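Enquirer: Here you go, one structure.
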Amino acid sequence: RCRPTPTRSGVRRGGPGAGDGSSRSSGRFRLLRRLGDTLLLPDSYAGWIGPALRAGRKILDRGGVELIYSSSPPDSGHQVARRLAAESGLPWVADFRDPWFNLHLKSPPTPLHAAWHRRAEAKVLREAQVVAVTEGWRRHYAELCTRAPRLIRNGIDPADFAAVDSGGRAADGEEIHLLHTGKLSLTRSARPFF
């Protein structure tokens, strides 16, 4: 139902920083990152998959879980969610805030790695009941799947904050806490927010 991400040589090349270390890594760290990309699939968080599966199974055994939700990167999160959803029979929402392929900071080191990543991404796109994407990646993922991905917007829904006063407190007096789970590096800045 989904087509793999196309590449010319099998190795995806991105924009600035893709494998050349121009803006993200330098020296020894660049070498370690490349070694990790070669040895650890799907990403440098692969060692987390086993412990995350065990923790997820314990949570599922307690009951009360209605669906499984994963967000990436890291792509290993989708690997964990895929297994837990298959084992539990629960619906699964896979959120691609950034694409598995074509992210300018990540490029598979060999055609073999690229093929592995294409297959793994296709399994997620095929098996998740809902694939959620941000506006910038909607067209990319719409071309890969037969069912349209659902849009998740970055930002806020003003209706969620209708009862918040100018001091940042809700009508019931509770403080409002904001969480940013993305990166504030390279081309992104928190300056407009602050």
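Enquirer: Please determine, by comparing only the residues of the range 42-75 that are of a type in the set (Asp, Glu) and within 12 Å of the chain's Cα centre (by Cα), which one is surrounded by the fewest Cβ atoms within 10 Å (Cβ to Cβ).
Expert: Selected residue: ASP43.
Enquirer: Given the criteria under 24 Å from ARG34 (Cβ atoms) and either of a type in the set (Lys, Arg) or surrounded by fewer than 17 Cβ atoms within 10 Å (Cβ to Cβ) (or both), does ARG138 qualify?
Expert: No; evaluated as a whole, the condition is false for this residue.
This table checks each residue for (1) modelled with pLDDT of 90 or more; (2) basic (Lys, Arg); (3) open to solvent by 90 Å² or more (accessible area, probe 1.4 Å); (4) in a loop (DSSP other than H, G, I, E, B).
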site	(1), (2), (3), (4)
LYS106	no, yes, no, yes
GLY155	no, no, no, yes
SER166	no, no, yes, yes
SER185	no, no, no, yes
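The values are calculated or read from the model by the stated rules, or taken from the named source; none is laboratory data. All values reported here derive from a predicted model rather than from experimental measurement. Every residue, glycine among them, receives a Cβ derived from its backbone with ideal geometry; neighbour counts consider all protein chains shown. Only protein heavy atoms, including side chains, enter the accessible area calculation; ligands, DNA and RNA are left aside. Shrake-Rupley method; radii C 1.70, N 1.55, O 1.52, S 1.80 Å.
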